[in-house]
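Undergrad: To start, I am sharing the structure in question, which I have written as structure tokens.
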Amino acid sequence: MPEKDPVNWQFSHLFPWFSTFAISIAATLAQYAQKVRCGEKFDWRGLALDGAICIFVGFVTHMICVAAGIDEVWRSVMVAINAHMGTRAAMQWERLRDRILGLGETSK
């Protein structure tokens with residue numbers, strides 16, 4: 001891989017990261033809007049937490065796709081899907097953990 005010339009640095013080097021961030025924000029808004037439509041009360045802290053999780057998942061997906069050599073279009077699709085499912089996947093893992101450890105059961 002050729003070295004990048006620091007003198008000839010361009011904005012185009014950061015564009016994939018900015019597009020990943022924008023796609024992750026859009027996925028966060030869509031995911032949180034669905035929660036509010038289903039009856040959950042709107043909360044700025046909840047939106048910020050979901051945003052942090054979805055953006056993190058989007059960046060991790062971006063890095064995995066770059067390492068796997070996936071082209072830009074499919075990488076954007078993967079980032080959008082995984083960022084949108086970020087908090088849902090976390091909730092499913094928590095439910096599985098609680099079921100295995102017996103934490104969700106209430107004793108009467």
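Undergrad: Return the calculated 222 nm mean residue ellipticity for the chain, to the nearest 500 deg cm²/dmol, obtained by summing -39500 (n - 2.57) across DSSP H runs with n ≥ 4 and dividing by the residue count.
TA: Details: 4 runs with 77 residues, N = 108.
The per-residue figure over the chain is -24500 deg cm²/dmol.
Undergrad: Just checking my list (1) 1.38; (2) 1.84; (3) 3.50 against Cα Rg over 2.2 N^0.38 Å computed from this structure; which label fits?
TA: Computed from the coordinates, Cα Rg over 2.2 N^0.38 Å corresponds to (1).
Undergrad: Using each residue's phi in the stretch 60-76, evaluate 6.51 cos²θ - 1.76 cosθ + 1.60 at θ = phi - 60° and report the 3J(HN,Hα) Karplus result to the nearest Hz, with x for Gly and Pro.
TA: Taking θ as phi minus 60°, the curve returns 5, 4, 4, 5, 5, 5, 5, 5, 7, x, 7, 6, 4, 5, 5, 5, 5 Hz for the stretch 60-76.
Undergrad: Can you order the peptides 85-96, 35-46 by their average number of other Cβ atoms within 10 Å per residue, highest first?
TA: Numbers: 85-96: 14.0, 35-46: 10.1.
So the peptides 85-96, 35-46, ranked by packing, come out 85-96, 35-46.
Undergrad: Once neighbouring chains are kept in place and the probe is 1.4 Å, which whole percent of the accessible area of the chain is contributed by carbon and sulfur? Each step should come with its number before you reach the end.
TA: Numbers: 5520 of 8300 Å².
Solvent-exposed carbon and sulfur of the chain make up 67 percent of the total.
Undergrad: Order 13-20, 59-66, 24-31 from most to least packed using the mean count of other Cβ atoms within 10 Å. Kindly include the intermediate steps, with their values, before the conclusion.
TA: Working: 13-20: 13.4, 59-66: 17.0, 24-31: 19.0.
Averaged packing, sorted descending, gives the order 24-31, 59-66, 13-20.
The values are calculated or read from the model by the stated rules, or taken from the named source; none is laboratory data. Nothing here was measured: the structure is a model prediction, and the numbers come from that model. Neighbour counts run over all protein chains shown; Cβ positions are idealised from the backbone, glycine included. Ligands, DNA and RNA are excluded from the accessible area calculation, which covers all protein heavy atoms including side chains. Shrake-Rupley method; radii C 1.70, N 1.55, O 1.52, S 1.80 Å.
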